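Here's the structure, in structure tokens; my notes come after.
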Amino acid sequence: MTAYLNALGVICALGRDKHSVARNLFAGDCSGLRLEAGWVADRALPVASVTGDLAPIPQTLAMQGSRNNQLLLEAGLQIRAEIDQAIQAYGRTRIGIVLGTSTSGINEASHSIAHYLREQRFPEGYDYQQQELSAPANFLSDWLGLSGPSYVISTACTSSARALMSARRLLDLGLCDAVLCGGVDSLCKLTLNGFSALEAMSNERCNPFSVNRSGINIGEAAVLFLMSKTPGIGAPIALLGDGASSDAHHISAPEPTGRGARQAMEKALRCAALEPGQIDYLNLHGTATQHNDAMESLAVAGLFPAGVPCSSTKPMTGHTLGAAGALEAAFCWLTLSTENTAQALPPHLWDGQADPTLPALDWASANTRLKPTRPRRLMSNSFAFGGNNVSLIIGDAP
């Protein structure tokens, strides 16, 4: 069954709707990544935050207030009209919600625990539900009044890519007629200090696949797709294929040969009934850590011996963790959409100094163009701790 991606709400460091995100994505705008102090002790770090006030949580849902849910609300408001149309068409019991996150409301919880340690009481308005991993799906269900299947997946940096896979499965099983799927993660001290303790953070803008790469930057984002069994208005875009693997090599380091990453890509190709040569662009996981970039370049070069235009978009958005899979699938969606009038590809932004120990890849530049003829198929990779790997293929619907 074709899983149509009929609407997209997105907010990240590139912009606060699909129009601004697309414009800045194809322009290679890294201005959303800014040096900020206060996240990690005695160290200023580049972070990709969403600036400005966020939409307030409705008063009736005040106990679910968190920055994570505010980001999600912003994405939901962008496609509220399409959601309401789906409710009218299918009913509230036939629309599911599957989201990915790794932070949920842990930032609010951290502040509240610090307050408790100082004052021996929690602050006014704090509720444990804010930090539960299920919080984003619970909030969206309550806000929209939906009663279909609703849950959150938390598999670190593959969370929201797996959410898209699970949403498609709900359609295939006939449990839903439409699914709101995507992911959300917000900046918080816990995350940044954790990656700092792993010595994985760069003091500069990340430099994926460069010989000079020195680690990741962290960002925040929310992404919501409306996936359904029937196409929406305009040229339809669909999730054509997906693949996952778990090589369980190490708790935090990837399997060095890229075996698990390649297996996920091969599964996605088989699911979509495609050959490697039919992929027109590949959005790399591309975190700019030593181990990730090494294994991913080996996997990509092995699977695509003739080359494929590719890029890492993380210098523009930071690594948005649980939201990254859906965000980079959204970049593929935007590349195929009418937002991309110039048929551009997201450019690969780095210092141009290749690592001589890694196979060369075909980097998309500001002048690289997507082929004008349909069908066009784009792949997006997401890799996570524990050897958890996901690859998605987004393309023109058949």
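Against the condition modelled with pLDDT of 95 or more, closer than 24 Å to Gly325 by Cα and touching a Cys at 6+ places or on another chain (Cβ under 7 Å), how does Leu170 come out, does it pass? Judged against the criteria, Leu170 is a match.
Of all residues in segment 196-244, those that are small (Gly, Ala, Ser), touching a strand residue (DSSP E or B) at 6+ places or on another chain (Cβ under 8 Å) and within 13 Å of Ala397 (Cβ to Cβ) total 5. Surrounded by fewer than 17 Cβ atoms within 10 Å (Cβ to Cβ), touching a residue at least 60 places away in the same chain (Cβ under 8 Å) and polar (S, T, N, Q), is that true of Ser214? It is true that Ser214 is surrounded by fewer than 17 Cβ atoms within 10 Å (Cβ to Cβ), touching a residue at least 60 places away in the same chain (Cβ under 8 Å) and polar (S, T, N, Q). Scanning segment 169-198 for residues that are of a type outside the set (A, V, I, L, M, F, W, C) and surrounded by 24 or more Cβ atoms within 10 Å (Cβ to Cβ) gives Gly182, Gly183, Asp185, Ser186. Thr230: among the β-branched types (Val, Ile, Thr), surrounded by fewer than 22 Cβ atoms within 10 Å (Cβ to Cβ) and under 19 Å from Leu336 (Cα atoms), yes or no? In short, yes. Among the residues of segment 353-371, are any within 23 Å of Ala163 (Cβ to Cβ) and either buried (at least 17 other Cβ atoms within 10 Å of the Cβ) or in contact with a helix residue (DSSP H, G or I) (Cβ under 9 Å, 6 or more places away or on another chain) (or both)? No. Every test in (1) farther than 21 Å from Ala238 by Cβ; (2) outside any loop (DSSP other than H, G, I, E, B) is passed by Ala264 save one, and that test is (1). Taking the numbered list (1) within 30 Å of Val390 (Cα to Cα); (2) at pLDDT below 85 in turn, Asn138 passes all entries but (2). Show me the helices (runs of 4 or more DSSP H) entirely contained within segment 27-139 in which 3 or more residues are touching a strand residue (DSSP E or B) at 6+ places or on another chain (Cβ under 7 Å) and under 30 Å from Gly174 (Cα atoms). In segment 27-139, 67-78, 80-90 are the helices (runs of 4 or more DSSP H) which contain 3 or more residues that are touching a strand residue (DSSP E or B) at 6+ places or on another chain (Cβ under 7 Å) and under 30 Å from Gly174 (Cα atoms). For segment 209-220, filtering for residues that are in a strand (DSSP E or B) and either in contact with a His (Cβ under 8 Å, 6 or more places away or on another chain) or at positive phi (or both) leaves 3.
Residue count for segment 232-251 under the criterion of being β-branched (Val, Ile, Thr) and either within 21 Å of Thr373 (Cα to Cα) or outside any loop (DSSP other than H, G, I, E, B) (or both): the result is 2.
Yes/no matrix, rows are residues, columns are (1) under 28 Å from Met165 (Cβ atoms); (2) touching a Gly at 6+ places or on another chain (Cβ under 9 Å); (3) not acidic (Asp, Glu):
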{"residue": "Val10", "(1), (2), (3)": "yes, yes, yes"}
{"residue": "Gly15", "(1), (2), (3)": "yes, yes, yes"}
{"residue": "Val21", "(1), (2), (3)": "yes, yes, yes"}
{"residue": "Arg43", "(1), (2), (3)": "no, no, yes"}
{"residue": "Val47", "(1), (2), (3)": "no, yes, yes"}
{"residue": "Met63", "(1), (2), (3)": "no, yes, yes"}
{"residue": "Arg67", "(1), (2), (3)": "yes, yes, yes"}
{"residue": "Glu74", "(1), (2), (3)": "yes, yes, no"}
{"residue": "Gln78", "(1), (2), (3)": "yes, yes, yes"}
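The values are calculated or read from the model by the stated rules, or taken from the named source; none is laboratory data. Keep in mind that what you see is a predicted model, and the values were worked out from it rather than measured. Glycine gets a Cβ as well: all are built from the backbone with ideal geometry, and neighbour counts include every protein chain shown.
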